[in-house]
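Novice: One structure is given below, represented as structure tokens, and several questions about it will come after.
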Amino acid sequence: SCVCCETCSVCFLSMPCALIILLSIHVLFCFGCVCISQDTGLYYDRYLREVIEVLETDPHFREKLQTANTDDIKNGRLSKELDLVGHHVRTRLDELKRQEVSRLRMLLKAKLDSVQMDHASLLKQFEHLDPHNQNTFEAKDLELLIVTATKDLENFDAERHEEFKRYEMLKEHERREYLKSLDQEKREEEEKRIKELKEKHRQHPKVNAPGSVDQLREVWKETDGLDPQEFNPKTFFKLHDTNGDGVLDEQELEALFTKELEKVYDPKNEEDDMMEMEEERLRMREHVMQNVDLNHDRLVSLEEFLKSTEKKEFNNPNEWETLDDTKPVYTEEELQRFEAELQDREMELGRRAEKLRQEQELLKERSKALEAQKREYQQAVMEMSQKQKEQQALNRQPPSGPNGELQFQQEMQKLANEDSQGEKTKTLFTL
């Protein structure tokens, strides 16, 4: 039965780990159920996860998953089982594909509308589905999805190494540029400081070769809290098969190297680079996989693990060389090409910045012109308003006389004359 934890949104019974790896689904196993919860980093991650979730609801397909091996998945035999799934499953898969096609159309339109187009990326958008059939999800779609996810996984480590190389070259470029900006005395002081930091970084305990008996016994003692003299490979395997699927995946293997990495890297120390630590972790995992993963399925089975403990290298490994002991991850020629790329980008950014500055100046001029025009309109409106008020005032005045004087002024003058005449008459009577 499937016992689900409270935080699970999608829970299934135990799924073959090979399918999870090949489909690049990062899973969390809790209480015997599989919870698809984290982003794989693939550009079609959501579509991939939703297809897996829908297929897992079909009893027939689930049964085939339980018995499928790596070859069945890779060679496309599993994809043919799609014809036997239920109608409601096919309907939901059709809907998912139409949604994905719609998403790709929007993405392509956005790229086509931009000034610069990466045509390789445009073509890549269709590698994980059949673009010729945009309405229904067929066996070919499942096969393409599996093949693309498998290929992307195989290229993932190479891409991580390339990203680290570019990071190291950028760091060296910035160091050189900073030293150029200093005078002779300060440059010598800075070079001395950098040298001291490098020497301090090298002063660390011995790093055991990953996958060796010394390295595993240290994990057994420090992490598991067990007596190193009682080290048992089979028990060790089961202890660190954290999801109980019978294999050690890449994440479970990388967790074994934490104690070794902590000998060299401390996030509190200025001289320790955490990006280098992750590169070292990747190197350790690749080393173990190369020596232990016999069928190259990116998983370590119990049988493979036990066979590795029988090898001579398990008890007498070569001393592990850290990144500090190996050659730089780039050559001087690669650094020069990288710096040339940076210079070209800076020039391009400078041209864009100048273009934006010119556009900004043009906008300012247009803004000034619009502001002046606005003031003219406001002045014209005020003048028109004033004229309307004057006209309204004129319309409210009484009629004028023959000489232009207002009639009410004539009446007032007449009344004044009459009053004056009456006063004179009164005076005569009094006399």
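Novice: Using mean Cβ contacts within 10 Å as the protection proxy, how do 221-233, 350-362 order, highest first?
Specialist: Taking the mean over residues of other Cβ atoms within 10 Å, the ranking is 221-233, 350-362.
Novice: How do 87-94, 307-314, 44-51 rank on mean C-beta neighbours within 10 Å, highest first?
Specialist: In descending order of packing, they fall as 44-51, 87-94, 307-314.
Novice: How big is the range 257-358 along each principal axis, measuring the range of its Cα positions in Å and listing the largest first?
Specialist: 70, 35, 25
Novice: Show which lysines lie in cross-link reach of LYS221 when reach means a straight Cα distance below 28 angstrom and same-chain residues fewer than eight apart are skipped.
Specialist: The reachable lysines, counting only those whose Cα sits under 28 Å from LYS221, are LYS200, LYS206, LYS234, LYS238, LYS259, LYS263, LYS268, LYS307, LYS311, LYS312.
Novice: How much accessible surface area, in Å² rounded to 10, belongs to the heavy atoms of GLU303 with a 1.4 Å probe?
Specialist: Roll a 1.4 Å probe over it and GLU303 shows about 120 Å².
Novice: Further question: Quick one: order PHE156, PHE237 from most to least accessible surface, probe 1.4 Å.
Specialist: Result of the area sort, largest leading: PHE156, PHE237.
Novice: Students often check this: by mean Cβ neighbours within 10 Å, which of 159-172, 133-146 ranks highest, and how do the rest follow?
Specialist: 133-146, 159-172
Novice: Which whole-number value in Å³ per residue fits the convex hull of the alpha carbons of the range 161-286?
Specialist: It is 116 Å³ per residue.
Novice: Round to the nearest 10 and report in Å² the accessible area of TRP220, as given by a 1.4 Å probe over the protein chains' heavy atoms.
Specialist: Probe radius 1.4 Å; accessible area of TRP220 about 10 Å².
Novice: Right, here's the next one. Per the 1.4 Å probe, what fraction of the accessible area of the range 323-390, in percent, lies on carbon and sulfur atoms?
Specialist: About 53 percent, which is the carbon plus sulfur part of the accessible surface.
Novice: Over the heavy atoms of THR326, what accessible area does a 1.4 Å probe trace out, to the nearest 10 Å²?
Specialist: 50 Å²
Novice: With θ taken as phi - 60° and the coefficients 6.51, -1.76 and 1.60, list the Karplus ³J(HN,Hα) couplings across the range 129-142 in order, rounded to whole Hz; mark glycine and proline as x.
Specialist: Along the range 129-142, the couplings run 8, 8, x, 6, 10, 9, 10, 10, 9, 10, 4, 5, 5, 5 Hz.
The values are calculated or read from the model by the stated rules, or taken from the named source; none is laboratory data. None of these values were measured; they are calculated from a predicted model. Every residue, glycine as well, gets a Cβ built from its backbone with ideal geometry; the counts of neighbours run over all protein chains shown. Side chains included, ligands, DNA and RNA excluded: accessible areas come from the protein's heavy atoms. Shrake-Rupley method; radii C 1.70, N 1.55, O 1.52, S 1.80 Å.
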